[in-house]
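Taking it in order: structure first as structure tokens, then the write-up.
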2 protein chains.
Amino acid sequence: MEVRSLVRPGAYYDSLVLMQLQQALSLLPGVVEVGVVMGTEANRGILERSGLVTEDLEAVRPDDLVVAIRGQSADAAVAALARLDEFLCRTGSTGEREYVPKSLEMASRMLPSADWVLLSVPGLYASGVARQALCLGKHVFLFSDHVTLHEEAELKREAERRGLLLLGPECGTAIVGGVGFGFANRVKQGPVGLVSASGTGLQQVSCLVSRRSGVSHALGTGGRDLADEVGGVASVQGLDLLRRDPETRVIVLISKPPSVTVARRLLEEARRAGKPVVVLFLGYAAPARRAGNLHFASTLEDAAGLAIELAAHEEPSLAEIADSRANPSGNGDLCFARGQRYLRGLYSGGTLAYEAQLLLWSHGLAVSTNDLASSDFRGSSAGRDAGPGHRVLDLGTEEFTQGRPHPMISNDVRIRVLRQEARDPEVAVILLDVVLGDGAHPDPARELASACSQAVAEARKSGRRLEVIAVVVGTEDDPQGLESQVKLLEAAGIRVFMGNEAAVGHAASLARALEECRPLGPPVPVPLTALEPPGAALNVGLEWFAGSLQAQGVPTLHVDWRPPAGGDDRLQGILRRMKGHGA
Amino acid sequence: MEVRSLVRPGAYYDSLVLMQLQQALSLLPGVVEVGVVMGTEANRGILERSGLVTEDLEAVRPDDLVVAIRGQSADAAVAALARLDEFLCRTGSTGEREYVPKSLEMASRMLPSADWVLLSVPGLYASGVARQALCLGKHVFLFSDHVTLHEEAELKREAERRGLLLLGPECGTAIVGGVGFGFANRVKQGPVGLVSASGTGLQQVSCLVSRRSGVSHALGTGGRDLADEVGGVASVQGLDLLRRDPETRVIVLISKPPSVTVARRLLEEARRAGKPVVVLFLGYAAPARRAGNLHFASTLEDAAGLAIELAAHEEPSLAEIADSRANPSGNGDLCFARGQRYLRGLYSGGTLAYEAQLLLWSHGLAVSTNDLASSDFRGSSAGRDAGPGHRVLDLGTEEFTQGRPHPMISNDVRIRVLRQEARDPEVAVILLDVVLGDGAHPDPARELASACSQAVAEARKSGRRLEVIAVVVGTEDDPQGLESQVKLLEAAGIRVFMGNEAAVGHAASLARALEECRPLGPPVPVPLTALEPPGAALNVGLEWFAGSLQAQGVPTLHVDWRPPAGGDDRLQGILRRMKGHGA
């Protein structure tokens, strides 16, 4: 075995050209192994460790081409190296070409209608070029990897300030106005819009949706958009755009498990969309199958299926086994008073209380609780210390039952807590469970209804409206009789449900209606024109992507970009400062 | 305000009698506050701290009754105390009664047909009485709380050894052969069987199921059955019983989030049920909506809805948007060789690989992976160190792409890994993704199919069968053409799916079929007769529960149980040792 290598100084090629070269050289007779890289420090190290170079690479620079070949003989290696230029011609990367601009500024002047820049230069340079593109007022599709989290956060905040989209880094795919960027499938146009921090997730779901429905837009955000430091900037912009986009009737939001804070923010944004949003946080516990306009999916196929169904039927007919019972509220036309906004869940059943917390969270309400067992539940530990606010109590725990009968047997404790909470001027909604059956109190509804009536009347005297909602767990054959218990509660103006999820959902919608409006959406909305097919585009980095855009009919100008200052970091910093882009 | 109290030595009453007394005394004129407790140390402390006693309670013992009253005047308090005996008569706890046995042994001799013991004595004594009941060969419904976790684990292991059920402690509800224990609703008989570590969860689901279908049996296990120390003994027994029970066609398993180890064990048990099992681990991320016969629910209503649907249609028609394509396997009749049992996922898409891990876990397969981001995923970190075994690789991560093109652009790395894995004599199934679209390799199926054909043929020569399964992500309009790519793969004997979930599901079912059989179910099966309506029952503790059983037509003998040795712990220990029940 013999190794031969050569260095071609100042000859920058993108990684696809390098790959094509490598494949061509590998197929030559007597060639065992081939290395074709740009001379960055990392690449030099790999070559040296693999024993593929004989000479000293110390002086090699990032924009030098290094080719190394291990042949069965020295002759084979030398013969292969000799054919380098022939192959370079074949890849179209040398030889005659029409004039191509060497900088983004120049390209932008040559093709002023370009509203997007596709960027796939090495990570080391990506953030600088991306910032240039934003300064030129372009949206950016940033394919490059190795951009630091800090740089990503800065770039996205810059884009946000300018009302521009920056998709990526490591954004592999997007479909904007029917035009695919990067790796994208040719899907049918339709009513389903996607925002995805996962590239292949976006591709899988958009392909499956395309089989039975269609895709309006699919915005990849880069895998780290939902990290705390980045804060989901691109996802929020995407949700906001799809919310306003009249073509999009159903939104799908996809990510690996995001940070708790960012998850909350995104779900808030999704809730105000005013259209169904399918949420897939892979590996994340969905506390409900549905909460308001949010539909929680558990797999990519599940997400696609839900989106198709929702697009076909607007809102799907859920199996409504938990029928709500229509009844007049005892409150007449009385409005909630200023300051009334909180919910109190007063449960006798531990699991019902626990489920209520989970469900309220999925409705975007932070809840405090007395249940120590749930301290591990995301967000609720924060809610626990939140002082006043929404609260769910399990009255069957020891702190309430110490020396007293369980609230399923006796209503005393519950009625005492109920009276106390009903007097709180911040409380608007009270949520109860009423458990029937053998062993339970022989007539719980009578005592509870009477206490509720009194509490509601007392609040009314102070000008406050108090809504009481109850889930009744029981059957017609239970000793208390379901129908008669429900009638007692309804006669007291209590809204009765047969299922906890439905009762909590109703309570949550009241509580949310009473919340103060919070500022939402990106601070500077991205104009809806961002979702139109690109008028034109500039491509910096892999030529491969320019070809794909041109094939889709988008005029695309490829920039003959080279690492600035021959890849010298120090010089590059000086150049950047001279151009006024900050240190 | 004046306080008066009295102590009635050696007069044990259960907590419901105490409650009735308290309520009656509270209603008397001039009475402000009433305390009625047995004289345990904890209760004495509460009374003292609340200022409800004037005298010294130091000498009071656990089986002494203490009554304390705060009156508007001393006269009112004294007058109220004077009526104590009158109220005690009314509660039926003193006065003439037919002969009642004072010990479990005696009761058992008097009513030998009793196969169940309902137990609700104070926690301090519960474990001793429960052990007696097990020694007498009875199933135990253990309502008491304050049994330690260690005692619970010991009792359940004892029950397991004897092929008996011990439901509880803190088991509030069960329905056995149509008879309700504790707090239970009168539900319709039907095909849905429940095993639940949550009392109100069981009640909510059984009530909702009863509205549209019916319940065969509902076994509460106590909230801590799924703790690591207990290991889910009662839940495993319950699943095993419902598996064998011909009346039960669908099983529902309910719990708050269990420990990872116990969750695995229960899901294994559920998988071998041979009937649909709806799993609700509240607040736990269900990695799929369905995996084999397991259906993951997210709320109590959702669980009830799924059970009803499954009972009505056997297996529900899922929206099969991910159509599998029938094609002949290239393996003919060749069987897997001895030792072939593992699966290898070789993915180019990061999210598809991540989802595959989650899905394989939900199918009960422990998977190791190269994806560092997933180290927080339950169980997979354990799987990571498991050495050989099932493995899913994301070939798009840096360790594989360093200096090389991404596997979506070039198949080189994947083909190299594929060849290597195919030679591993333990590998039986290979799972690939093939991502089409703009930007992707122009003809990935041709290269991959050819490599797979070679690998399968090579394995065949060594007498091994190699199954290759692929998920193809693409559309008809993609440049590669979906149909032609699929045909290339199928011609090579590869089983092709359009969705990752379906592909992984198929791979998992093959891998599971190749697993060695593990011993499952409880070591000593509980006889199916345990699910018959109790022939008779013994009740120790709250009389309330005996009344409910009698009302349901079950002959029930109430045991006039008193704390042994007057509640003296030390003496009690001596007595127990004398009877040979261990220290």
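The values are calculated or read from the model by the stated rules, or taken from the named source; none is laboratory data. Note that the coordinates shown come from a computational prediction; the quantities given were computed from them, not determined experimentally. No Cβ is skipped: glycine too gets one built from the backbone with ideal geometry, and neighbour counts run over all protein chains shown.
Couple of notes before you dig in:
- Of all residues in the range B:389-420, those satisfying the criterion of being surrounded by 18 or more Cβ atoms within 10 Å (Cβ to Cβ), more than 12 Å from chain A (Cβ to nearest Cβ) and not aliphatic (A, V, I, L, M) are B:His390, B:Arg391, B:Phe400, B:Arg414.
- Any pair with Cβ under 6 angstrom, 6 or more apart, that starts in the range A:534-562 at a residue that is within 16 Å of A:Phe183 (Cα to Cα) and ends at one that is of a type in the set (Asp, Glu): A:Leu542/A:Asp14; A:Ser548/B:Asp438
- Residues in the range B:487-530 that are surrounded by 22 or more Cβ atoms within 10 Å (Cβ to Cβ) and polar (S, T, N, Q): B:Asn500 alone.
- Given (1) more than 10 Å from the chain's Cα centre (by Cα); (2) at pLDDT 95 or above, number of the condition B:Gly172 does not satisfy: (2)
- Qualifying residue in the range A:171-182 (condition: out of contact with any helix residue (DSSP H, G or I) (no Cβ under 9 Å at 6 or more places or on another chain) and either more than 9 Å from every other protein chain (Cβ to nearest Cβ) or of a type in the set (D, E, K, R) (or both)): yes
- Only a single item in (1) at pLDDT 90 or above; (2) in a helix (DSSP H, G or I) is not met by A:Ala565, and it is number (1).
- Looking only at the range A:473-494, and only at residues there that are touching a residue at least 24 places away in the same chain (Cβ under 8 Å) and in contact with an Asp or Glu (Cβ under 7 Å, 6 or more places away or on another chain), the one that is nearest to the other protein chains (Cβ to nearest Cβ): A:Val473
- For the range B:450-467, the set of residues classified as surrounded by fewer than 16 Cβ atoms within 10 Å (Cβ to Cβ) and assigned to a helix (DSSP H, G or I) consists of B:Ser450, B:Gln454, B:Ala457, B:Glu458, B:Arg460, B:Lys461, listed by residue number.
- Filtered by the rule that a residue be within 14 Å of another protein chain (Cβ to nearest Cβ) and under 41 Å from the mean Cα position of the chain (by Cα), the range B:432-466 gives B:Leu432, B:Asp433, B:Val434, B:Val435.
- Under the condition of being of a type in the set (A, V, I, L, M, F, W, C), modelled with pLDDT of 90 or more and more than 18 Å from B:His406 (Cα to Cα), the residues counted in the range B:338-358 number 2.
- The single condition among (1) at pLDDT 95 or above; (2) more than 12 Å from chain A (Cβ to nearest Cβ); (3) under 19 Å from the mean Cα position of the chain (by Cα) that B:Arg162 does not satisfy is (3).
- Among the residues of the range A:15-48, those that are in a loop (DSSP other than H, G, I, E, B) and more than 11 Å from every other protein chain (Cβ to nearest Cβ) comprise A:Leu27, A:Leu28, A:Pro29, A:Gly30, A:Gly39.
- Residue within the range B:204-220 that is of a type outside the set (Gly, Ala, Ser), out of contact with any Asp or Glu (no Cβ under 9 Å at 6 or more places or on another chain), more than 8 Å from every other protein chain (Cβ to nearest Cβ) and surrounded by fewer than 24 Cβ atoms within 10 Å (Cβ to Cβ) present: no
- Residue match in the range B:84-93 (condition: buried (at least 17 other Cβ atoms within 10 Å of the Cβ), under 40 Å from the mean Cα position of the chain (by Cα) and modelled with pLDDT under 85): yes
- Index of the failed condition, A:Ser196 passing every other in (1) within 18 Å of B:Glu476 (Cβ to Cβ); (2) at the interface with chain B (Cβ under 9 Å from one of its Cβ atoms): (1)
- Residue in the range B:185-204 that is in contact with a Pro (Cβ under 9 Å, 6 or more places away or on another chain), within 17 Å of A:Ala440 (Cβ to Cβ) and free of Cβ contacts under 8 Å to residues at least 60 places away in the same chain present: yes
- So B:Gly232, is it within 8 Å of chain A (Cβ to nearest Cβ) and within 13 Å of the chain's Cα centre (by Cα): no
- Candidate set from the range B:14-26 (those that are out of contact with any helix residue (DSSP H, G or I) (no Cβ under 7 Å at 6 or more places or on another chain) and modelled with pLDDT of 80 or more); member that is surrounded by the fewest Cβ atoms within 10 Å (Cβ to Cβ): B:Ser26
- The range B:1-14, residues that are within 14 Å of chain A (Cβ to nearest Cβ) and not aromatic (Phe, Trp, Tyr): B:Asp14
- A:Glu309 passes every criterion in (1) within 22 Å of A:Leu164 (Cβ to Cβ); (2) surrounded by fewer than 23 Cβ atoms within 10 Å (Cβ to Cβ) apart from (1).
- Those helices (runs of 4 or more DSSP H) lying entirely in the range A:199-282 with at least 2 residues over 23 Å from A:Thr529 (Cα atoms): A:199-212, A:260-271
- The number of residues in the range B:183-193 being more than 9 Å from chain A (Cβ to nearest Cβ) and small (Gly, Ala, Ser) comes to 2.
- Annotation note: of B:Arg109, B:Arg162, the sole residue that is closer than 20 Å to B:Glu229 by Cα and surrounded by fewer than 23 Cβ atoms within 10 Å (Cβ to Cβ) is B:Arg162.
- Scanning the range B:265-286 finds one or more residues that are at pLDDT below 90, out of contact with any His (no Cβ under 9 Å at 6 or more places or on another chain), crowded, with 18+ Cβ neighbours inside 10 Å and of a type in the set (Phe, Trp, Tyr).
- Any chance A:Ser259 is crowded, with 22+ Cβ neighbours inside 10 Å and of a type outside the set (A, V, I, L, M, F, W, C): no
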